[in-house]
Amino acid sequence: MAILAVEGISKSFGGLQVLQSASLEVAEGTITGLVGPNGSGKTTLLNTIYGLIKPDEGTVIFRGQKISGLAPYRIYDAGLAFSFQLPRLFFQLTVLDNLLLAARNQVGTSFSGALFRRRRWRRQEAELARKALQILELLGLVPLALHATGELSGGQRKLVEIGRALMSDPVMILLDEPAAGVNPVLGRKIYQKLRALRDQGLTFLIIEHKLEMLLDFADRIYMMDAGQVVLSGTPKEVIENPVFYATYVGETKNVTFPG
Ligand SMILES: Nc1ncnc2c1ncn2[C@@H]1O[C@H](COP(=O)(O)OP(=O)(O)OP(=O)(O)O)[C@@H](O)[C@H]1O
Ligand SMILES: [Mg+2]
């Protein structure tokens, strides 16, 4: 069953039509990939799903509820988390603190809450720290927990960003190029972690230019070209379709092909 349904999304910036009736569906418990040449509208579509951009037309349904038009924090509360193309982290803070800051329902965030409910606040802090450490363990980041995030490599920062998304107990995560700027070994490691999370029931929609990686790990792939979804299917179906190759003609920048 589709946990996310994107139906007929169109969006123009000025005179430029960036999305043209784009539709896709993500089945629960899958890794679904979104590919396409630079500028084809992938990030804009993800931003629309997440409520960062208001579409001119179309709807987004998440777990049977219309989420288009909702503010991003409401979408986050509904169980959909987002990891950005460029990690948005606090570089001076430790890895652990970056995860703790991402946690929701923090009792200690208001002044009176901190003052009058200190004991409860401290208990919740301890629980959150335990949860953060479990996530860091899963991502192989425990040895870096107390390092400043600014000291980490690009790939490790991507993992921290994924860890932040996991702190909200999401049912689905949108990821924009999780393996970009990451060496191939760590890139595969990131995807192995994502696959393990999928096996626990989490759902992913992932933009990726490293096609050889996505084709290995995705259950289903959608391809965009010039603002439209032009192709979809299993990785095998997609790479056997001439449209896949035609779309990438002349396109080598940032894209790595299988084989
Ligand atoms: N806020 C904006 N204002 C005007 N044009 C925009 C805006 N955001 C995106 N665009 C344009 O929309 C098109 C699609 O951009 P988008 O970032 O969605 O592509 P993409 O598929 O994610 O590309 P990439 O693979 O390079 O990340 C591009 O031509 C881009 O210049
Ligand atoms: Mg993009």
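A few comments on the model shown:
- A single entry from Thr59, Thr32 fulfils the requirement of being modelled with pLDDT of 95 or more and within 16 Å of the chain's Cα centre (by Cα): Thr32.
- All positions within region 57-88 that are among the charged types (D, E, K, R) and within 16 Å of ligand 2 (Cβ to nearest atom): Arg88
- Selected residue (criterion: farthest from Leu139 (Cα to Cα)) from residues of region 207-225 that are in contact with a helix residue (DSSP H, G or I) (Cβ under 7 Å, 6 or more places away or on another chain) and at pLDDT 95 or above: Asp225
- So Leu115, is it at pLDDT below 95 and either farther than 27 Å from Gly181 by Cβ or over 18 Å from the mean Cα position of the chain (by Cα) (or both): yes
- Just one of the listed residues (Gly201, Gly150, Gly140) is over 16 Å from the mean Cα position of the chain (by Cα) and on the phi > 0 side of the Ramachandran plot, and it is Gly140.
- Qualifying residue in region 57-78 (condition: part of a strand (DSSP E or B) and closer than 12 Å to Gly227 by Cα): no
- Scanning region 141-169 for residues that are touching a strand residue (DSSP E or B) at 6+ places or on another chain (Cβ under 7 Å), under 25 Å from Gly41 (Cα atoms) and not charged (D, E, K, R) yields Ile162, Ala165.
- Output for region 23-56, where each listed residue is within 14 Å of ligand 2 (Cβ to nearest atom) and part of a strand (DSSP E or B): Gly33, Leu34, Val35
- All helices (runs of 4 or more DSSP H) inside region 126-229 with 1 or more residues being within 16 Å of ligand 2 (Cβ to nearest atom): 154-166, 211-217
The values are calculated or read from the model by the stated rules, or taken from the named source; none is laboratory data. Just so you know, these numbers come straight off a predicted model, no measurement behind them. Note that each Cβ is placed from the backbone with ideal geometry, even for glycine, and that neighbours are counted across all protein chains shown.
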